[in-house]
Amino acid sequence: MNVSTPGGRIQVRWDEGGSATALGQLPFFAEYLEVTGVFDRWVDGCPMTYTSPNAPDTVDVLGTWLLSILDGQRRYAHITGLRGDGVAPEILGMNKIISDESLRRALAHLAPTQDKRCSETEQADRKAKLAQSTAWMDTALNESTSEALHAPWILDVDTTVKLLYGNQTGAEVGYNPTKPGRPSHTLHTYWISNIRMVLDVEVQDGKSGSAKHSLPRMRQLIERLTPEERPVLVRGDNAFGNERAMAFLRRHQQ
C-alpha cells in the first residue's frame, strides 16, 4: 500500500514470514504525523539555533529523539542501535540519525542548566532559552490534549519517584520507598483521569516530593485554561489537603 509521510510517499509491503520490529508500524504513524502536520509544526516551532555550518539540522535532532522514544529507549547510548536503520530517517524526512553525543548536546542547548560560575548575562540568557523551550513544548503538548477538555473531566495530580544511576542534574537523596539512600528525581504529573492523557509533567529534584512543589505548576495549568475547559474536580492524595492548595482551588471555584 502507499502511505504519505513527512519524507514523501512510500510503498509498504508486508512480509508475512518476517519478525516484528519495534519500528515496524512507523510508516503508519508517520502518515498520521504528515496528515495532521503535528511533526512539521513541532520542528518549525523549535527554538533551537546553531551557528556552526557542521551542526545537525533541527529535523535530524528532533527526529532522532522521536525515533529513540518510539523504540522504547531510556538512555542516550541506546541510540547507537538505530544508526544502521536507513529507512526510518527517510520516512520522517531526515538526513540522518545523529549520534547520542550530538543529541545530548542539542537537548542541553534547548534546556540549559543554571551554573553559579556563569556571569549574570549568561544566566539571564540561559533562563530566556529555557523559557522559550518550555513554551515550545507546552504548545505541542496542549495541542494533543485540548480537544479532550471540552467534556467534563477530572484532573489527577500525582507524584512519582524515579531512581537515578550515575550523575544527573537534580539527583538528590529524598523520599524513596524502594531504595532508601538512592538519589532520585521527582516527577509531578497532571493527568486527565481515566483516559490517562498527560496534560503536563515537571521533573524536580529528589527532595521536592511534597504537594507544595506541585502547586505552582498546577496553578499555571488551571489558570491557562478557559472556564469551559477547566476540570470539574481536582484530585490528589491527602498531602494536597493543606490551606495553601485549598485556598487556591476555592478562589478558582474548583
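Numbers below:
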quantity: Residue list for region 223-254, restricted to those being in contact with a helix residue (DSSP H, G or I) (Cβ under 7 Å, 6 or more places away or on another chain), within 16 Å of SER146 (Cβ to Cβ) and not in a loop (DSSP other than H, G, I, E, B); calculated: none
quantity: Region 97-110, residues that are touching a residue at least 40 places away in the same chain (Cβ under 8 Å) and in a loop (DSSP other than H, G, I, E, B); calculated: ILE98
quantity: Those residues of region 166-205 which are in a loop (DSSP other than H, G, I, E, B) and in contact (Cβ under 8 Å) with a residue 24 or more places away in the chain, in sequence order; calculated: THR169, GLY170, ALA171, VAL173, GLY174, TYR175, ASN176, SER193, ASN194, ILE195
quantity: Among residues of region 47-75, those that are small (Gly, Ala, Ser) and either surrounded by 15 or more Cβ atoms within 10 Å (Cβ to Cβ) or in a helix (DSSP H, G or I) (or both), counted; calculated: 3
quantity: Residue within region 12-22 that is under 21 Å from the mean Cα position of the chain (by Cα) and assigned by TED's automatic domain parsing to the domain that holds LEU70 present; calculated: yes
quantity: Filter pass, GLY84 being closer than 17 Å to THR21 by Cα and assigned to a loop (DSSP other than H, G, I, E, B); calculated: yes
quantity: Residue within region 100-117 that is closer than 22 Å to GLY8 by Cβ and either of a type in the set (S, T, N, Q) or not assigned by TED's automatic domain parsing to the domain that holds GLN168 (or both) present; calculated: no
quantity: Selected residue (only one of SER52, SER4 is more than 20 Å from the chain's Cα centre (by Cα) and in contact (Cβ under 8 Å) with a residue 12 or more places away in the chain); calculated: SER4
quantity: From GLY81, GLY37, residue being on the phi > 0 side of the Ramachandran plot, surrounded by fewer than 20 Cβ atoms within 10 Å (Cβ to Cβ) and either in contact with a Ser or Thr (Cβ under 9 Å, 6 or more places away or on another chain) or not β-branched (Val, Ile, Thr) (or both); calculated: GLY37
quantity: Residues satisfying the stated conditions in region 1-46, i.e. over 26 Å from ALA108 (Cα atoms) and part of a helix (DSSP H, G or I); calculated: LEU26, PRO27, PHE28, PHE29, ALA30, GLU31, TYR32, GLU34, VAL35, THR36
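The values are calculated or read from the model by the stated rules, or taken from the named source; none is laboratory data. Quick caveat, the model's predicted, so the values are computed rather than measured. For neighbour counting, all protein chains shown are included, and Cβ atoms are generated from backbone atoms with ideal geometry for every residue, glycine included.
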